[in-house]
Amino acid sequence: MWEKNISAVEIQRETGIHATTISKIINGKHFNFGLETVDKLCDVLDCRIQDLLVYERINK
């Protein structure tokens, strides 16, 4: 987002994703979002899924 010089407001306007959801994603407090959201973010940010998500194994 910062590398693309695009604001959260612009992302919200372009994707239709609620501002609260975008804020939680940016601040690392929202972990349960669907592929549609990821697809919209990748589209507006012109990036790949790997650029947005990091997989961390949970030890059981």
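The values are calculated or read from the model by the stated rules, or taken from the named source; none is laboratory data. Bear in mind the structure is a predicted one, so any value in this text is a computation, not a measurement. When we count neighbours, we look across all protein chains shown, and the Cβ atoms used for this are built from the backbone with ideal geometry, even at glycine. Ligands, DNA and RNA are stripped out before the accessible areas are found, and what is left, the full protein with its side chains, is counted by its heavy atoms. Shrake-Rupley method; radii C 1.70, N 1.55, O 1.52, S 1.80 Å.
Values computed for the structure shown
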| read-out | value |
| --- | --- |
| MRE, 222 nm, helices only [DSSP H, n ≥ 4, -39500 (n - 2.57), over the chain, to nearest 500] | -13500 deg cm²/dmol |
| DSSP-loop chymotrypsin sites (Phe, Trp or Tyr not before Pro) across the chain, with at most 12 other Cβ within 10 angstrom | 2, 31, 55 |
| The chain - Rg (one decimal) and Dmax (whole number), Cα, Å | 11.9, 40 |
| Those GluC sites (Glu not before Pro) in the chain that DSSP places in a loop and that have at most 16 other beta carbons within 10 Å | 3, 56 |
| Dipole moment magnitude, nearest 20 debye, the chain about Cα centre, only Lys, Arg, Asp, Glu C-beta charged | 340 debye |
| Accessible solvent surface per residue of the chain, calculated while the other protein chains remain in place, 1.4 angstrom probe, Å² | 87 Å² |
| Note, ³J(HN,Hα) from phi for region 49-60, Karplus 6.51, -1.76, 1.60, rounded to Hz, x at Gly and Pro | 3, 4, 6, 9, 10, 10, 8, 10, 5, 8, 6, 10 |
| Gain in span if fully extended, residue 30 to residue 51, counting 0.36 nm per residue against the direct Cα distance | 5.9 nm |
| The chain - percent of accessible surface contributed by carbon and sulfur, probe 1.4 Å | 48 percent |
